[in-house]
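Undergrad: Input: one structure, supplied below.
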Amino acid sequence: MAKYKMHILVCGGTGCKASNSGGIAKRFEEVLKERGLEDVQVITTGCFGFCEKGPIVKILPDNTFYVEVKESDVETIIEEHIVKGRKVTKLLFTDPKSEKHIEDSKHMGFYKKQMRIALRNCGFIDPENIDEAIARDAYAALGQVLNHMTPESTIEEVKKSGLRGRGGGGFPTGLKWFFASKNKADQKYVVCNADEGDPGAFMDRSILEGDPHSVLEAMAICGYCIGADKGLIYIRAEYPLAIERLKIAIKQAREYGLLGSDIMGSGFNFDIELRYGAGAFVCGEETALIHSMEGERGEPTVKPPFPAEKGYMGKPTNVNNVETFANIPPIILKGAEWFSSIGTEKSKGTKVFALAGKVNNVGLIEVPMGITLREVIFEIGGGIKGGKAFKAVQTGGPSGGCLTAKHLDTPIDYDNLIAAGSMMGSGGMIVMDEDNCMVSIAKFYLDFTVEESCGKCTPCRVGNKRLYELLDKITKGKGTMEDIDQLKNLANVIKDTALCGLGQTAPNPVLSTIDNFYDEYVAHVKDKKCPSGECKALLNYVINPDKCIGCTACARVCPVGAITGTVKKPHVIDQSKCIKCGACMEKCKFNAISKM
Amino acid sequence: MSKIKSLADLKKMSSEFKSKVDLREKGDTIDKLVQIKVAMATCGIASGAKEVMDFFIDELDKNGISGVVTQTGCMGYCYAEPTIEVTVPGKDPIVFGYVNIDKAREILDKYIKNGELVEGIIPVNYETVDK
C-alpha cells in the first residue's frame, strides 16, 4: 500500500452534504489526479459537529481546519497548502472575539471543552470503510466479551459504569439489560431506537452516519448479554444517508463474519436488520415503536408489561437509543471505572447535544456530564448571535422545559435538569435570546405535540389541543388571568393522566415557561403587550412625528398601503390596515419608526 | 475479503489497518511527537527538498519513531536549501540548512535519536508570533 503523506478529510454529514461537500471531495480527487499527487488521500468522514460553518475540510497531520469551503476553493487549497505548505488564511476559522484566524482545531473554543466518547470516530474515519473502523478498535469489545466474559459479568460491567439511557428517560442501561436477560424465551430481540424526533436534534443521525459500526457492535454485545440472536434498527425513512451507511456497514460486517453465525469462532450468532419508520414522534416511545415494527399502528400501550417481558412479536425485547449503544464498546474496552470517573455522582460519562438556535456556533457537541450551561453556550457555543442578551435555553425538546439565566451555572446532568423543571431528553438544546417570546415558544411546542399526538388517549388528544388554544388566545391579546390559571390546571391534569411519555410530558414547556416567565404571560394578558415584540397581534408600528421628515420611503415600501401623508410632512400608519411586516421600519433612514 | 475467525484475527487485522488512520491519530497528539517541517518552496524543491521529505517519512517509520513530517513554505534561507525545522517534544525547534540525504541521516541518527547536536544549525534570528 502506498504511504500517504497527507490526509484531506471532507465532512460527509447531512449538513455539509447539503452544501455540496460531495462535490468538494470529488473535485479534490480530480485535482490531485491532474497534478499527479498520489501521496495525498481524500477521505469522506462523518460529521465534525461544527455545522454552523460547513462544509468543513480538515487537513492532516497538521490539523488545519478549513470552514465554509466551496468547490472553487479546492484548487487554491491544493496549490497553496498541499503543494507549497502555506495555509489558506481566508478559509480558516476566525475567532469572533479576538477576530484572529485559528489555524488548527485544537485552538478552537468549540473543541476545547469537548470530550468525545460516543462521537469518537465521527469526523475521523470513513464510515463506509470497515477497515478504518477496525483500525480504531471496532469489534474489539465484542471480541473481548465473546472470548473472555460471561453475559453476567458483561451486564455487571455496564451496570457499574453507571451508563443511563441517552434517549431521554435516563433509565440505567445495565439494569435494563439485566431484566431482559432474566426473562426466558425461545427468541429475544435487541432493538436500536433511531427514531430521533425532537425538533432540532440530530445526535443519533450523526452517530449512524459517522460511525455505524459502533452501534452494530454494541447491539451484538447486548444480544450476547440478554440471549438474543436478532437485532433490529428502527430508523426513520427521513434519514436516507444514515440508512445508506448502515446498509453498507451491515454488509461489510457480514462479509468479515462480524455479524452472522459463529462470530469470531465463539459459537454466538447475531444478525441485524433495518426497519423503517415514517417519522412519527410518538414512535420514539418504545411500545409504540415496537407496534410500528410489527406493522401495527404506531400507538403506545400501557406498561407493564415492559418490552423486557413482552416486546417485539410478544418476545422479550431490549430497546436502547443509538447514543446509548455507541457508549458501550469504550466501556468494555476501557472499563467501567474509567467511564464512571467522568461526569457527576448520578450521571456518568458524556452527553451529545445538538446546539441550535440563537448561538454563534450551531453544531453537534459532546461534553462531560456536569458541565455548566454557561460553558456550553458561551465557550463552546461562542455566545449569543449578534451580541444580544441570553434569555433561555430549551432542553429536552417538546417534552422538556426551559432553563434561564439563573440556571447558567447549574451542572448539567439528569437530576439537576429535572429539578430545574426541564429534562435531559435526547439532547436537543435550543438557545433563545431577548427577541424570543416565551409564550410563543410554548405555543410552538404545543403545536408540535398536538400534531404528533397519536390520538389514543383523551388527555393528550383533547387536552393538549385545549392548551394550544389557550396559548393562541394569549398571544393574540385576548387572554385573561383565568386563562393562565386554567393553563396550569389543565397542564397538571394531562401530566397525571396521559397514557404515554408523549402526553405526560407535552405540558412541560407550558409549565416551565409559566414558572420562569410569569411576568411575560401577565404582560400579554394585562397590558396586551408582547415584551419581546414577537407576537405580531400585540405589536404596533408607530411613526414618531418629530423624527419623520416626510421622505415617503416607508409609504412606498408598505405592501398594503397602510401609510399615508404628504411629502415633507410626518406620515402616519393606519393600524387597522397594518400587517406588521416591519418593512417600513427597515426602510426608514431616520429611526422615526418604532415597535410599541 | 476473508472472514475474521477469532479475536486474534481481529487484533492482527486492526494492527495492519492502523497505518491507514495513523496520520490522523498523530494529528490528535501532535504536541508529543517529533515534528519535521521541510521547506518546500520553489528553491527548496529545486535543491532536493522532496527527496529529503520522502527520506524522513520512510526512515521515521522504519525506525519506529512516531513523528510527523509536514511541508512548509519558504523559510527565507534560500542560500541554505534544503532547510528543515525539527521539533523534538519539550525542546525548542531547530532549523538545519543544506540538508541533503547524508545530512538528513546524520540529523536522524544523532539529533532525533540521541539528542546530540550536529553541524549545520541556522541560528534563530526571528520570533514566531504565538497563536
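Computed from the coordinates by the stated procedures, all read-outs in this text should not be read as laboratory data. Worth saying up front: this structure is predicted, and the values here are computed from it rather than measured. Cβ atoms come from the backbone with ideal geometry, glycine included; neighbour counts cover every protein chain shown.
Undergrad: To the nearest Å, what is the center-to-center distance of segment A:168-243 and segment A:38-66, using C-alpha atoms only?
TA: Measuring centre to centre over Cα atoms gives 29 Å.
Undergrad: For a quick check of your reading of the filter: which trypsin sites (Lys or Arg not before Pro) in segment A:325-356 sit in a DSSP loop and have no more than 14 other Cβ atoms within 10 Å?
TA: Sites meeting the loop and neighbour criteria: A:Lys346.
Undergrad: Then there is this: I'd like to know which of B:Pro89, B:Leu7, B:Gly48 lies farthest towards the positive end of the charge dipole of chain B, counting +1 on Cβ of Lys and Arg and -1 on Cβ of Asp and Glu.
TA: B:Leu7
Undergrad: Can you sort B:Lys62, A:Lys358 from fewest to most other Cβ atoms within 10 Å of each residue's own Cβ?
TA: Least to most surrounded, the residues fall as B:Lys62, A:Lys358.
Undergrad: Now for a different question. Which of rounded, prolate or oblate describes chain B when judged by the alpha-carbon gyration tensor and an a/c cut-off of 1.5?
TA: Taking the square roots of the gyration eigenvalues as a ≥ b ≥ c, chain B is prolate.
Undergrad: Under the rule of at least 5 residues apart or a separate chain, name every residue whose amide H is placed under 5 Å from the amide H of A:Gly428.
TA: Under 5 Å from the amide H of A:Gly428 lie the amide H atoms of A:Ala354, A:Gly396, A:Gly397, each far enough along the sequence or on another chain.
Undergrad: Under a plain spin-label model, where a point goes 7 Å from the Cα along Cα-to-Cβ, how far apart in nm are A:Asp447 and A:Lys26?
TA: Rounded to a tenth, the inter-label distance reads 3.7 nm.
Undergrad: Residues of segment A:483-500 with amide nitrogen under 18 Å from the 7 Å Cα-to-Cβ point of A:Tyr518?
TA: Under cut-off, by backbone N: A:483-492.
Undergrad: Here is a further query. What are the ³J(HN,Hα) values, in whole Hz, obtained from phi via the Karplus relation 6.51 cos²θ - 1.76 cosθ + 1.60 with θ = phi - 60°, for each residue of segment B:74-84 in sequence order, with x given for Gly and Pro?
TA: Residue by residue, segment B:74-84 yields 4, 8, x, 9, 4, 5, 10, 5, x, 10, 9 Hz.
Undergrad: Stokes-Einstein diffusion coefficient for segment A:448-596 at 37 °C in a medium of 0.692 mPa s, Rh from the Kirkwood formula over Cα pairs: what value in µm²/s?
TA: The estimated diffusion coefficient comes to 186 µm²/s.
Undergrad: Moving on to the next point. Against the longest alpha carbon principal axis of chain B, how many degrees, from 0 to 90 and to the nearest 10, is the axis of helix B:49-62 turned?
TA: Long axis of B:49-62 versus the principal axis of chain B: about 40 degrees.
Undergrad: Quantify how strongly other chains surround peptide A:135-141 by giving the mean number of their Cβ atoms within 10 Å of each of its Cβ atoms.
TA: 5
Undergrad: While we're here: If you take the square roots of the eigenvalues of the alpha-carbon gyration tensor of segment A:284-392 and sort them as a ≥ b ≥ c, do you get rounded (a/c under 1.5), prolate (a/b over b/c) or oblate?
TA: oblate
Undergrad: Also, I was wondering about something else. So which trypsin sites (Lys or Arg not before Pro) in segment A:128-216 pass both tests, a DSSP loop state and at most 15 other Cβ atoms within 10 Å of the Cβ?
TA: Of the trypsin sites (Lys or Arg not before Pro), the ones in loops of segment A:128-216 whose Cβ has at most 15 other Cβ atoms within 10 Å are A:Lys184.
Undergrad: Assigning unit charges at the beta carbon (Lys, Arg +1; Asp, Glu -1) and nothing else, what dipole magnitude in debye, to the nearest 20, does segment A:1-48 show about its Cα centre?
TA: The dipole of segment A:1-48 has a size of about 60 debye.
Undergrad: When Cβ neighbours within 10 Å are restricted to other protein chains, what is their mean count per residue of peptide A:143-151?
TA: Going residue by residue through A:143-151 and averaging, the value is 2.
Undergrad: May I pose another question? D for segment A:432-517, whole µm²/s, Stokes-Einstein with Kirkwood Rh over alpha-carbon pairs at 25 °C and 0.890 mPa s: what number?
TA: Result for D is 193 µm²/s.
Undergrad: Taking 8 Å as the Cα distance limit and 6 or more residues as the minimum spacing, I'd like the relative contact order of segment A:92-164 as a percentage.
TA: Once normalised by length, the contact order is 11 percent.
Undergrad: Determine the equivalent ellipsoid of segment A:206-254 by diagonalising the alpha-carbon gyration tensor, then write out the semi-axes as square roots of 5 times the eigenvalues, largest first, rounded to whole Å.
TA: Working from the Cα gyration tensor, I get semi-axes of 20, 11, 9 Å.
Undergrad: Continuing with the same structure: Under 11 Å from the Cβ of A:His213, count the other residues' Cβ atoms, weight Lys and Arg +1, Asp and Glu -1, and hand me the total.
TA: Here the count lands on -4.
Undergrad: Below 8 Å, C-alpha to C-alpha, sequence gap of six or more: please give me the relative contact order for segment A:367-507 in percent.
TA: The normalised contact order for segment A:367-507 reaches 22 percent.
Undergrad: Residue by residue, what Karplus-based ³J(HN,Hα) values in Hz, rounded to whole numbers, does segment A:43-54 have, using 6.51, -1.76 and 1.60 with θ = phi - 60° and x for Gly and Pro?
TA: My calculation for segment A:43-54 gives 10, 8, 10, x, 5, 7, x, 8, 5, 3, 10, x Hz in order.
Undergrad: Quick check: the angle from helix A:438-452's long axis to the longest principal axis of chain A, C-alpha only, nearest 10 degrees?
TA: The angle comes out at about 50 degrees.
Undergrad: Report the semi-axes of the equivalent ellipsoid for segment A:114-188 in whole Å, largest first, where each axis is √(5λ) for an eigenvalue λ of the Cα gyration tensor.
TA: That gives 26, 18, 12 Å for the three semi-axes.
Undergrad: Next question. Return the loop-located GluC sites (Glu not before Pro) in segment B:91-121 (DSSP other than H, G, I, E, B) with at most 12 other Cβ atoms within 10 Å of their own Cβ; answer none if there are none.
TA: Hits after loop and neighbour filter: B:Glu116, B:Glu119.
Undergrad: Could you work out the relative contact order of chain B? I mean the mean sequence separation of Cα pairs under 8 Å and 6+ apart, divided by the number of residues, in percent.
TA: For chain B, the relative contact order is 23 percent.
Undergrad: Further question on the same structure: Can you list the equivalent-ellipsoid semi-axes of the protein assembly as shown, largest first and in whole Å, using the square root of 5 times each Cα gyration tensor eigenvalue?
TA: The equivalent ellipsoid of the protein assembly as shown has semi-axes of 49, 39, 20 Å.
Undergrad: Between A:Arg297 and A:Ser98, what length comes free when the chain is fully extended (0.36 nm per residue of separation minus the Cα-Cα distance, one decimal in nm)?
TA: 66.2 nm
Undergrad: Still on this structure, please answer the following. Please rank A:Leu142, A:Leu91, A:Leu487, B:Leu23, fewest neighbouring Cβ atoms within 10 Å first, as an exposure proxy.
TA: By the 10 Å Cβ count, ascending, the order reads B:Leu23, A:Leu91, A:Leu487, A:Leu142.
Undergrad: Under a 5 Å amide H to amide H cut-off, with H placed in plane at 1.01 Å, what residues pair with A:Ile125 once short-range neighbours are removed?
TA: Those lying under 5 Å, H to H, from A:Ile125 are A:Gly46.
Undergrad: Please label the shape of segment A:367-406 as rounded, prolate or oblate, based on the square roots a ≥ b ≥ c of the eigenvalues of the alpha-carbon gyration tensor (a/c under 1.5 means rounded; beyond that, a/b larger than b/c means prolate, else oblate).
TA: oblate
Undergrad: Contour minus end-to-end for A:Val557 and A:Ala185, with contour as 0.36 nm per residue of separation and end-to-end as the Cα-Cα distance?
TA: The span from A:Val557 to A:Ala185 would gain 126.7 nm if fully extended.
Undergrad: Hey, another quick one. Please report the spacing between the Cα centers of segment B:1-52 and segment A:465-486 in Å, no decimals.
TA: What the calculation gives is 63 Å, centre to centre.
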